[in-house]
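The values are calculated or read from the model by the stated rules, or taken from the named source; none is laboratory data. Since we're looking at a predicted model, the values are computed, not measured. Every residue, glycine as well, gets a Cβ built from its backbone with ideal geometry; the counts of neighbours run over all protein chains shown. Surface areas here come from the heavy atoms of the whole protein model, side chains and all, with no ligands, DNA or RNA. Shrake-Rupley method; radii C 1.70, N 1.55, O 1.52, S 1.80 Å.
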Amino acid sequence: MDSNNNTSKRKTLIPRNDNKPLVNPKEKTKSHALSMPNQIANVEILENTYNHNSSIELDNDVKQCITTNNSITNNKQNGSNQILEVKDESENPELSKTICLNTKYQLNSKNYIQALHKALIKECNYNLLDYTSLNASLDFESLTNVTSRTLNAIKDQKIFSVLGYFPTISLELKNRGWVEKRDPYRPPTNYSYYLKSAPYMVNWIESPPLISPINENEAIMERLRSAQSWSILKDKKSDFIFVTRKRLINWSNLSELTSVSQMTRHVFCTKNGLAQCLESYKNAVTNLMFPRCHYIRSEADSDAFVEDYITTALVSTLKIIVKSIENNKRIFNANGNIPYTIIDFVKRSVSKFLNKQITGSKEIDMWMFNSQKEVWNEFMIYYTKLIIDSNAQFDHEYTYELELDVYAKCKYLLENVKNYCPQHYIDGITNTWIIKPSSNCSGHGIMLSRDLHAIKRKITESGFLRNNYILQKYIERPLLVYTCKIDLRQWFLVTNMSPVVVWMYKEGYVRFCANNFSMQNMHESIHLSNVRLQMKYRKIRNPQVPDECMWDYRELQDHLRKIGQEYVWDELIFPGMAESVYAVLKATTDTSFYRDKSFQLFGADFLITENFIPYLIEINSIPGLNPSTSIIANLAPMLLSDIVKVTVDYEKNSNADTGLFIKVLPEKWKPSAAVRRLGSVAVAINSENSYNLPAVGVNRGGNIFNSSEVVAIEPAPFTTGTHNQWMDSVNKKLAALRLRINAQNTPNDRGFLSSKHHNI
C-alpha cells in the first residue's frame, strides 16, 4: 500500500443529522472497513506471530447480559432517525469535563438528576449510532495500534468484562492498559427505556454515568476500536470480570485464573442467614454489636422469643420504676391505677431469672408461661399501661420508707441483670420489636410492634408458624440528629475468606428518617430509614433534615464536632463498625464458600446508639450504587475507582495506593503511643491504609463522660450470700443522700433523688 496515501490523522466525522457518509468515498481504499473483521490481513499476521489458535473454543465464562427485550434490529431501525438531540457542551461547562473521581461534591441535590440524565442520554445516543451503515472505519495505523494493544493485553492477562452498567470500572481499567471484551452489538443497558423515561428515572441505573467531554465523532471511533478488539477477543476468556449479580456468571466454565467480583456462597447477606450464624452472639460479651434476633422455625424458637420478650418487659418495668424515682416523679398513690403487687411480682420473676443464669438451669418453661397465661397476660396489661400512661401510679400510699425500699431493691436487681443481658442498654422501656420478612428489601413488609399477640399473629398462618420472618429487638435509644433517627451505610470489600481479608471504606452515607423520633408513634417515616421509602416523605420532613434525607460521612463528622464529640468517630464509631464486620466474617467462614481470585463489595447497615456504639443491622450483597441522591452520585464513582486500586493495583504491589479503603488487621493490642482507648477496647493505628483490631471477645461499652474518654462501668457481681449486707449498705447511703437533698430542696420539692445524684 502506498505510504503517501496513509495518514496518521483521525478522519473528521460529519454529524449524523445529514445523510452523508462519515468517510469520503474516494478515501475508502485507504482504510479498512469493519464489516468483515476476520478478513483483515494485518490482524491475521499479528495473531499468527503470537501463535494463537484460530479454533479456540467459544468463551462461555459469562452469560449474555440481557436486561431488556430490545433487539438489535429495533436499535438499528430506530438509531438513524430517532436519536435524541444532544445540546452543545458549551451550554453547560460542568458537562464539558470528565468527572474527577477523586474530587467530591461536584453534584448537588439541585443539579444531579439533570446532569446525569443529560450524560446518560448522550451515551445512549452514541451507543445507538449505526456506524456500519455509514461505512465508518479506522485508518491503517489506528487499526494496527488497536490490534497490537489487544494482543498485548491477552499476553499480559489484561482482558476484562463488565456485566451491568459500571462505566467507572471500564474507564479505570482502560487507563491501566486493560482492554474490554464487549460485544459492540449488544448495549449493556436498556437505552430505549431510559431515553423514553422521565429524567428522574436515572436514579435506577446501577451506577452513575460518566460526565464525559467526548463528542459524537470520538464516540464513533471508540465504537470502532471496541469492535476491532471484539473481533479478536470474542473467543477468549476474560481475566477480570466485574459483576454484582451472580446469576450472570457461568461458574462451571469460568477460568480458574479469572478474577471475579463475586463470592460463590455467603450466608450473612440474608436476614435469616445472618440471624442463624450469629445466634450464639445473642447474649455473649463480644466485639460484635448485633441486636438479638429470633428466626422462627419451630415451636421451640417461638418459646425462646416469648421468654426473651417477657424478660425484656420485666427488666423494662424495673427501669421505669428506677428512672421515675431518680427523676423525682411520685409513682405511689393510694388511688393509683396499677396494683402495687405488680412490683413484688416483677422482683420475684427477675430474681428467678438471675438464679437461672447463675445455676445454668436449662428449664425452658421456668416461669410457666404456658400454664400461667392469665398471670402473664395481667402483668402485660399493667406493663403496657406503665408505658403509654405518663400519669400511671401504683396503688399504695406514699411514704419515704416505701420509696427508699422499692428503689434500693429494684436498682439492685437492675444492676445485676446487666451481667446477663448485655443488650439491656438498647432495649429502652417499651419492648418494641421489628418484624422483617426474610426475603424482602428496601423496607418492604417491615412492621414494628410491642404487642406480643400481634407479633404472634404476624408470624403464624392458619395456626402454623411461617418461617419467613425475623424478629429483631428494636434499638430504642438511637443517636438522634436534629431529633431524627439516622443509620449508616458502610461499604466494605472482602478480598479473601481464608484467611479473612476485609477492607473498610472511609466514606459512606448517613440516612435520615424524615420526622422526629418517638417510641409512641410507629409510623415508618420515623423509624425506617431506607432511601426509597423515605423518598415519599422528603416534602413533609423535619425542616432541619437535609432535603435528600442523607449526609455523607464528612457531614456527620462535622455535626459530631459541633456537639462536642469530635473524637467518637475515630475512637468508637468507625472502629466499632470494622470490629463487627470482621467478627461476622470470622463467624461465617465455615458456612461461606470462597473461590480463589474472587472479591466482593458489600454494604453493611449500622445504627448508632445515643452513646455512640454502632450496632450492625444487616449486610447487603448488592449495595445500591444507583444515583438515587446526589450524595451517592458523588461517592459511587470514587468507590468504584478505589475498588480497582485494591483488586488490581494492590494485588501486584502492596505499596500501591488503595484510595479510601483501609485493610482491617486483627491482632491483640500492645502498648503503643499510637493507641486510642475505647472503653475496654484499644485500637492501634498502624499506617495510612490499615489498623489493628483488638482480639474478638473483648467487651466494648460504657458511657460517654467527655469527648475524649470512654469508661466502661462494670456492675457488681450477683452473689446471694452477701445480698443482705449489700442492701444494708445501700440503704445507709440512700438515707444519707436523702437527708442531704432534703436540706437543699424547697418545701415544694418532692421525691428523694435528683437525676444528677443517682449513682450510688
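Side notes on the structure shown:
- Taking (1) part of a loop (DSSP other than H, G, I, E, B); (2) open to solvent by less than 10 Å² (accessible area, probe 1.4 Å); (3) in contact with a Ser or Thr (Cβ under 8 Å, 6 or more places away or on another chain) in turn, residue 658 satisfies each apart from (3).
- Residues located in the stretch 234-285, provided they are open to solvent by 60 Å² or more (accessible area, probe 1.4 Å), at pLDDT 90 or above and hydroxyl-bearing (Ser, Thr, Tyr): none
- Selected residue (criterion: nearest to the chain's Cα centre (by Cα)) from residues of the stretch 456-481 that are open to solvent by less than 10 Å² (accessible area, probe 1.4 Å) and modelled with pLDDT under 90: 470
- Flag for residue 431 being of a type in the set (S, T, N, Q) and outside any loop (DSSP other than H, G, I, E, B): no
- Any hit, the stretch 303-322, residues being open to solvent by 10 Å² or more (accessible area, probe 1.4 Å), of a type in the set (S, T, N, Q), touching a residue at least 40 places away in the same chain (Cβ under 8 Å) and in contact with a strand residue (DSSP E or B) (Cβ under 7 Å, 6 or more places away or on another chain): no
- Among the residues making up the stretch 200-233, those that are open to solvent by 20 Å² or more (accessible area, probe 1.4 Å) and part of a loop (DSSP other than H, G, I, E, B) are 206, 210, 212, 213, 214, 215.
Residues are listed down the side, and each one gets a yes or a no for (1) farther than 22 Å from residue 114 by Cβ; (2) of a type in the set (Lys, Arg):
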site	(1), (2)
155	yes, yes
161	yes, no
179	yes, no
183	yes, no
191	no, no
198	no, no
206	no, no
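- Evaluation of residue 617 against (1) closer than 30 Å to residue 114 by Cβ; (2) of a type in the set (Val, Ile, Thr); (3) in a strand (DSSP E or B) (one fails), failing number: (1)
- Residue within the stretch 339-347 that is at pLDDT 90 or above, open to solvent by less than 70 Å² (accessible area, probe 1.4 Å) and out of contact with any Phe, Trp or Tyr (no Cβ under 9 Å at 6 or more places or on another chain) present: yes
- Among the residues of the stretch 384-404, the ones that are among the acidic types (Asp, Glu), open to solvent by 50 Å² or more (accessible area, probe 1.4 Å) and in a helix (DSSP H, G or I) come to 1 in all.
Residue-by-condition table, conditions (1) in contact (Cβ under 8 Å) with a residue 60 or more places away in the chain; (2) part of a loop (DSSP other than H, G, I, E, B); (3) within 16 Å of residue 484 (Cα to Cα):
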residue: 520; (1), (2), (3): yes, yes, yes
residue: 558; (1), (2), (3): no, no, no
residue: 575; (1), (2), (3): yes, no, no
residue: 584; (1), (2), (3): yes, no, no
residue: 591; (1), (2), (3): yes, yes, no
residue: 596; (1), (2), (3): yes, yes, no
residue: 606; (1), (2), (3): yes, no, yes
residue: 612; (1), (2), (3): yes, yes, yes
residue: 627; (1), (2), (3): yes, yes, no
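- The residues listed here are 170, 192, 212; of these, the one that is of a type in the set (S, T, N, Q) and either free of Cβ contacts under 8 Å to residues at least 12 places away in the same chain or within 26 Å of residue 232 (Cα to Cα) (or both) is 170.
- Search result, residues across the stretch 645-660 that are under 12 Å from residue 495 (Cα atoms), at pLDDT 95 or above and of a type outside the set (Ser, Thr, Tyr): 646, 648
- Test: residue in the stretch 183-195 that is at pLDDT 80 or above, part of a helix (DSSP H, G or I) and touching a helix residue (DSSP H, G or I) at 6+ places or on another chain (Cβ under 6 Å): no
- Residue 141 vs. criteria surrounded by fewer than 20 Cβ atoms within 10 Å (Cβ to Cβ), modelled with pLDDT of 55 or more and out of contact with any helix residue (DSSP H, G or I) (no Cβ under 6 Å at 6 or more places or on another chain): yes
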